[in-house]
1. Work out, step by step, the length gained on full extension between His235 and Glu142: first 0.36 nm times the residue separation, then minus their alpha carbon distance; give nm to one decimal.
2. Spin-label point model (7 Å from Cα, Cβ direction): what's the Glu170 to Arg225 distance in nm?
3. Given the options Gly6, Ala115, Gly55, identify the residue whose Cα lies farthest towards the positive end of the charge dipole of the chain (+1 on Cβ of Lys, Arg; -1 on Cβ of Asp, Glu).
4. Can you tell which of Gln137, Gln25, Gln39 shows the greatest fluctuation in a Gaussian network model of the chain with Cα springs below 10 Å?
5. Compute the Rg/Rh shape ratio of the chain: radius of gyration over Kirkwood radius, all on alpha-carbon atoms.
6. Ignoring any ligand, DNA or RNA, what whole percent of the accessible area of the chain comes from carbon and sulfur when the probe is 1.4 angstrom?
7. Of the options Leu106, Ala148, Thr66, report the single residue whose Cα projects farthest towards the positive end of the charge dipole of the stretch 8-247 (beta-carbon charges: Lys, Arg +1; Asp, Glu -1).
8. Which far-off residues, 5 or more places away or on another chain, put their amide H under 5 Å from the one on Asp184, with H placed in the peptide plane?
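The values are calculated or read from the model by the stated rules, or taken from the named source; none is laboratory data. As the structure is a prediction and not an experimental result, all values here were calculated from the model. As a convention, Cβ positions derive from the backbone with ideal geometry for all residues, glycine included, and neighbour counts pool all protein chains shown. Please note that ligands, DNA and RNA were not included when accessible areas were found on the heavy atoms of the full protein model with its side chains. Shrake-Rupley method; radii C 1.70, N 1.55, O 1.52, S 1.80 Å.
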Amino acid sequence: MDTLEGTTAIVTGSSRGIGADVAAQLAAQGAAVVVNYRQKAPRATRVVTGIEAAGGRAVAVGADLTTPEGPAALVDTAVSTFGGLDLLVLNASGGMETAMGEDYALRLNRDAQVAMLAAAVDVMPAGSRVVFITSHQAHFVEKVETMAAYEPVARSKRAGEDALRAMIPELDAKGISFVVVSGDMIEGTVTATLLDRATPGAIEARRQEAGRLYSVAEFATEIVRMATADVPTGHTEYVGGAEDFLARS
């Protein structure tokens, strides 16, 4: 895609944080956006209202991606409401929640990502793009040690990235490109807050190591840029503080 004008995007996990900013920025560039939430409908409604107030198009869809019907609900809405699907942004992630079960990180960060892409592929035309969002701590987890509190999440996200990359031949056959955006810790996200709670001082320590941490809006801008960037399929775009990870990997 050279432009987002007239396209349709699904952004998973987009009722708040990075996903909400990505949805708003995509809409500002002309995409119709399916805003996904799991439980918090009012938050998703506010995201849609903000997009519409700025002249964009969006719809909120409640869907738990770890259920069989969740991914299909998002794809069906994209097609029925906006006529198709051209961009899939796989932003939803988690696993530090204590009440979701021991296997929740793997179910969400690997299994649900694969299920979402499998549901989307059937309706995405040639020239479409899939963008998977991850962290340096997850992308490099097999080579660079991460914080103990985050390791289960990091390993599940790496497993998700690997599973999605294994689908690239299928995507290639359909003319769909796949891009990974890997970011450092992001100021103000739920994950960063939970990590700092589990390991006090973790965010400040990483800020000192990296020089600075990106804000939610700054990271969202880089994700949106990669939606149309002229890069080969399978490309990984590193956003902020990757130099020391690359040096240690």
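1. 31.6 nm is the gain from fully extending His235 to Glu142.
2. Output for this residue pair reads 3.1 nm.
3. Projecting each Cα onto the dipole axis, the largest value belongs to Gly55.
4. Gln39
5. Values: Rg = 16.9 Å, Rh = 18.0 Å.
Across the chain, the Cα-based Rg/Rh ratio is 0.94.
6. C and S atoms contribute 51 percent here.
7. Value computed over the given set: Thr66.
8. His136, Val239
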